[in-house]
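One structure below.
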Amino acid sequence: MAFLAELKDTKTSLKPCQTVVRPHPCVCSGTEEFGDQWLCGERLEEIVEAEDKTQALAHELAQLLRPSTAHPDATSPTRLVIYTGAGVSTSTGIGDYRGPKGVWTNLAEGIIPDESMDYSAARPSYTHMAIKRLVDEGLCTGVTSTNLDGLHMKSGLRPMEKLAELHGNMFAERCVRCKAEAYRAFPIQRTLKRFTGRYCDCGGNFMDSGIDFGQNLPLRHLALAEKHANAQTVSLVLGTSLRVRPSCDLPLANDAAVCIVNKQETPHDDKASVRSFAACDDFMKALMNDLDLEVDVPPVVEGPGSLSATALKKRSKQLATLMAKRKDNNWAEAHTEDGRVFFYDTETGETAWERPSGAIPTLDKEGLQLPHGWSAHEDPETGVTFYYCADKGLVNHVHPYFGAMYEESHYEDAPATSGGAGAAAAEPPAFLAELAAAAAAR
């Protein structure tokens, strides 16, 4: 079934809803300065566009995508490049920044943004899947995104092929030495020092790939985005305010015909051949209908992006129970009346004819530089490495030197034996100082 048809069936099957009072918003003074700073003092209203107007504008873009009208040179093939911002993901439940309930808008109003949704569990929107169809049909030559949510990747686009992600991907970590990227099934947790505790094949440390204000963009992604921009004949801007450089200038490159779809005004509206204030999903539905193209349902994600933070947290609890239950030192040897040897768990009373080994084998500690009392394991169900502290019965998917579960007090109480926990607490490993120096040099 086409994605649009499924959405319509779902809509008709929905039951009437009632308003539920939630604990949000949480009011907090002192956030206004940060919000106003990121909004640059601007508070823009969203403009409501009539449905027939949206359809007419989508028809204009469809006409532009035909080779004879896409570019002054009629012999030149149409080369559409799509630029996406937060607005393409709002229909999935992920908030934007400048909208009426955007993150920066909330902060400017002294409201703590609602972060109850697990963004890593979101599925691609209709717009994401429509973009994937345009790429598959050869109508779109490249996609440049400033979103961190990884939804383009979940739709089926492969980063650094047709997709440039200028602000990173929540499922990717980047090597500080060779800049290679590793895409994981699970979301990369941002730590205080930004290091994940994993290492690249070149020996460099991996960091999360997110880009903050003032940081350099990933050069390989920027180069791909510029390559697409310098060849484009039509640019389609979806859900971005076009206020952050250099990404906001790329749609204007190569004297392309520009189409902007955003609910709020942008600084480049006067340069647009087509300007729509519709929601991204509404505009893309009209466009795909005009092009007579059906949009697929979001695929079941396997591999990178397949695990959410919520799923990983639930799995951590399961692993903690499993590891505590099957510790080797819990099993004692006993004999039956006829002299046969069996083993029993001194805590649970469970019996077995052979001594059970640890629930999950321990990985080689060489190079992991783990604190005293921690071990590393590979989850047989997800294939993800996790870290286990037997003394506290804790499981963490972040290296304990960088994760929240690393508590100095736990190690300070341990005996100060050579190379043991006391030494680790008194003098952190040398590699932490090296990482801090590397971060300061970025």
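The values are calculated or read from the model by the stated rules, or taken from the named source; none is laboratory data. Since we're looking at a predicted model, the values are computed, not measured. A quick note on method: Cβ atoms are made from the backbone with ideal geometry, for glycine too, and the neighbour counts reach across all protein chains shown. Just so you know, the surface numbers come from the protein's heavy atoms only, side chains and all, with ligands and any DNA or RNA stripped out. Shrake-Rupley method; radii C 1.70, N 1.55, O 1.52, S 1.80 Å.
A few comments on the model shown:
- Listed by chain and number, the lysines whose C-alpha is less than 18 Å from the C-alpha of Lys263, apart from same-chain residues fewer than 8 away, are Lys53, Lys101, Lys271, Lys285.
- Accessible-area ranking of His335, His59, His128, largest first, probe 1.4 Å: His335, His59, His128
- Burial order of peptide ranges 374-383, 138-147 (average beta-carbon count within 10 Å, highest first): 138-147, 374-383
- Only protein heavy atoms count here; under a 1.4 Å probe, Asp255 has an accessible surface of about 120 Å².
- Pairwise centroid distance, computed over Cα atoms, of the range 121-188 with the range 229-252, Å: 17 Å
- The lysines whose alpha-carbon is closer than 23 Å to the alpha-carbon of Lys313, local same-chain residues fewer than 8 away aside, are Lys154, Lys193, Lys325, Lys327, Lys392.
- The residues of the range 178-290 expose on average 42 square angstrom of accessible surface per residue, using a 1.4 Å probe on protein heavy atoms.
- Taking every alpha-carbon pair in the range 110-221 and binning the separations at 10 Å intervals from zero gives 13, 41, 33, 12, 1 percent.
- Per-residue SASA entry for Asp249, accessible area with 1.4 Å probe, Å² rounded to 10: 60 Å²
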